[in-house]
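**Q** Handing you a structure now.
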Amino acid sequence: MSNVPRSRLVAAWAVLTATAALTVGAVVAWCVALPAITATQLYSLVDLMDGVVYGCVAWLVLSRQRTGSTMAGWIAASVALGGSLSAFAAQWTLLHPGPAWLLSAHHWAWVPGLYALVVVMPWLLPDRRRTAVDRVAVGVGLGYLALLVLLLATGPPPAGPFPLPSGVRDVRDTLARPLAPVLPYVLVALGLLAAAGAAWRWRRGPADQRHGMGWVTTGSVLLTVAFLITVLPSVVPATVPALLMLASQAFFPAAVAVVVLRQQLWGLRLAVRRTLVWYVMTGGVVGAYSVSVTVLDRLLPITSPVPQLLVTGVIAAAFQPVREAVQRRVDRLVHGEGPEPLLHRVAHSLGNPTDVGTAVAAALRLAEVRVSTDGPEPPAHDGGPPVTVPLVSGDRLVGHLHAWPRPGELLGARVTEALTGLAPVVAAVVDLARTNRDLSRSQRRLAEVRDEERRALRRDLHDGLGPALSGIALGLSATRNLLTRDPRRADELLERLIVELTSRAEDVRDLAHGLLPPVLADGGLGPAVELLRERYALAGLSVVVRVPAPLEPLSDAVATAAYGVTAEALRNVQRHAGVQRCVVTLERGSDLLRVTVTDNGRGLATDGTGPGVGMHAMRERADGVGGTLNVAPALPRGTTVCLRIPLEPL
């Protein structure tokens, strides 16, 4: 409430204090006078309830609505002050004859506020940008109220508190005479139009503006029907319009407060929910009991206790189911959608964190909800400080959920609780989306690595083995020509060809072993790495292999991935490290295989070039078996490649 103008805070408390004082005075006067229950007293009860209920509504709206039009709050204040003053005047005049202005208050004080509820208030709800129809309707309604109040205030006593001089009064009476019979019908017509407008916004308006409009429509219709009965021929008892007025006040005030304040019922949600449930249930039980007993009394013998017992039993049996139904409707009125629609929206947005944020923002009526995976700092936003909830999937922090309120609103405990409850679901969505992205990236990398391996194999075959075989074929052809002319030279050429074929056969074996050593077929990772050590020893690189504990048995996929990463790491050492020695450590724990290749060479490249195909190949092999690869500088110099692969427990 700190951003609410001080003048409105003072006005809110003044309205609440005045209505409370007038209400207490009316109740005390009634207890002293104890009048008979007539239609007039029922209307006084309507005025009294207007003072109590709308006094609270006016206080809530004026003291808590930080932005938007406050006309709805001032109308509620006029209803509260007018109703409580009228109720006090009606009861006070039963005890004392004066003063005159107080005697007349019972006839005019309630008119401005209550009539404004009928013809103006529905057009103001919900708080939104006014259309041309809204502005015209509000203007017509205010003009009607101004004319009506002017005629009442200047009417003859006791209704008019401001009597006019005789000459002016004659002019006023001349104008009022043709208008008086028409004005009640105009009120009903304007009320029906206002109710129709509220109903249209309830059914056809934007989804985020329908909250509570069903109650507004119902209350507007009941109020208008109550006034309609008063202008129709007297076919119903005089108490019926008053009872309809009471019924309308069971719907209208709460709807006004909720629609205007929406998420701004800070700290009052529990009190509002319980008060509304108590109010509706009390009125329903009393009304149902009274009507049922009255009807059964006419059907059964007068002295029979059956009506009271039967009605009491039925009400007792139906109380709990009805209370739960009322509780659900009140929760929907105060809070909007419950968790089921919210989870339904989130479920339909699985796989896309942006869609999840949009669904959560729409369901909780927030300005925006974003999911960030970069850190706890919220993204740049025009709104105020957000509520930030960490997203944890399993034991990993996968992101943060940031929620911003709508302009002029604050995020209460309910929204924070809802976001906290949704955090595991949103975290699963974020984790799933990240996994999908990683999988797609992995598939692309695997395709690139596969193509690169095929190109490398093609180069080896086309540029190495192919020309060599072609040369051998030419040599054999030449040997055939020399067999008869120069057997000695033919024998020498055959010897050279045998050496060349032996060398190329060795190249083919090396190529095959590079792709997948046969020893890996049985999960023999250790022997396969020993073969690598021997090959690189012939090429001038000393490889120290350390195996602290037995490695086998390993699955084919794990052994192949570990071997592929080791072979690629050794190839990088030979090509780029500029050293003659490196260390390979193979460690197997109860549920983890760790492969480490360490050298003390030049270290990682610092020339700005990105990782090559070989580095991508190692990472893809690690990802393919659920492992992790870490390439980091070694101390004091060099590079360490560490592969960790989870295993089934031994």
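**Q** Working out 0.36 nm times the residue gap between Glu587 and Arg177, then minus their Cα-Cα distance, what length gain in nm do you get to one decimal? All intermediate terms of the calculation are to be shown ahead of the outcome.
**A** Numbers: separation 410, 0.36 × 410 = 147.60 nm, distance 10.57 nm.
The span from Glu587 to Arg177 would gain 137.0 nm if fully extended.
**Q** Something else about it: If R0 is 56 Å, what FRET efficiency do you get for Arg204 and Ala14 from their C-beta distance, rounded to 0.05? Before the final figure, lay out the partial values.
**A** Values: r = 39 Å, r/R0 = 0.70.
Once the sixth-power term is evaluated, E becomes 0.90.
**Q** Can you give me the % of accessible surface on segment 417-486 that is carbon or sulfur? Probe 1.4 Å, all protein chains present, nothing else counted.
**A** On segment 417-486, the fraction of accessible area on carbon and sulfur atoms equals 57 percent.
**Q** Additional query: If you roll a 1.4 angstrom probe over the protein chains with everything in place, what fraction of the accessible area of segment 178-229 belongs to carbon and sulfur, to the nearest %?
**A** Working: 1720 of 2370 Å².
Within segment 178-229, the accessible surface is 73 percent carbon and sulfur.
**Q** Quickly rank 484-495, 23-34, 553-564 as a protection proxy: mean count of other C-beta atoms within 10 Å, highest first. Kindly include the intermediate steps, with their values, before the conclusion.
**A** Numbers: 484-495: 11.9, 23-34: 15.6, 553-564: 19.8.
The packing order, highest mean first, is 553-564, 23-34, 484-495.
**Q** Now for a separate question. When the chain is fully extended, how far beyond the present Cα-Cα distance does Leu457 get from Ser7, taking 0.36 nm per residue of separation? Walk me through the intermediate numbers first.
**A** Details: separation 450, 0.36 × 450 = 162.00 nm, distance 8.37 nm.
Once the chain is fully extended between Leu457 and Ser7, it gains 153.6 nm.
**Q** Please give, to one decimal in nm, the separation of the simple spin-label points placed at Asp438 and Thr420, each 7 Å out from Cα toward the Cβ.
**A** 2.9 nm
**Q** Further question: Sort the following peptides by mean Cβ neighbour count (other Cβ atoms within 10 Å, averaged over residues), highest first: 573-580, 453-460. Don't skip to the end; give the middle numbers.
**A** Values: 573-580: 15.8, 453-460: 12.2.
Packing order, densest peptide first, comes out as 573-580, 453-460.
**Q** Another question, then. Could you sort 370-380, 425-435 so that the peptide with the highest average Cβ count within 10 Å comes first and the rest follow in order?
**A** Numbers: 370-380: 13.5, 425-435: 19.4.
Descending packing order for the listed peptides: 425-435, 370-380.
**Q** Continuing with the same structure: Provide the FRET efficiency to the nearest 0.05 for the Thr373-Arg637 pair, computing r from the beta carbons and using R0 = 35 Å. Please list the in-between numbers first.
**A** Numbers: r = 34 Å, r/R0 = 0.98.
With R0 = 35 Å, the Cβ-Cβ based efficiency is 0.50.
**Q** Additional query: Give, in nm to one decimal, the length gained when the segment between Ala468 and Asp507 is fully stretched (0.36 nm per residue of separation minus the Cα-Cα distance).
**A** On the way: separation 39, 0.36 × 39 = 14.04 nm, distance 1.09 nm.
Contour length minus the Cα-Cα distance gives 12.9 nm.
The values are calculated or read from the model by the stated rules, or taken from the named source; none is laboratory data. These numbers were taken from a predicted model, which means no experiment stands behind them. Here the Cβ is made from the backbone with ideal geometry for all residues, glycine too, and neighbour counts use every protein chain on show. The protein model used for the area step is the full one, side chains on, heavy atoms only, and it has no ligands, DNA or RNA in it. Shrake-Rupley method; radii C 1.70, N 1.55, O 1.52, S 1.80 Å.
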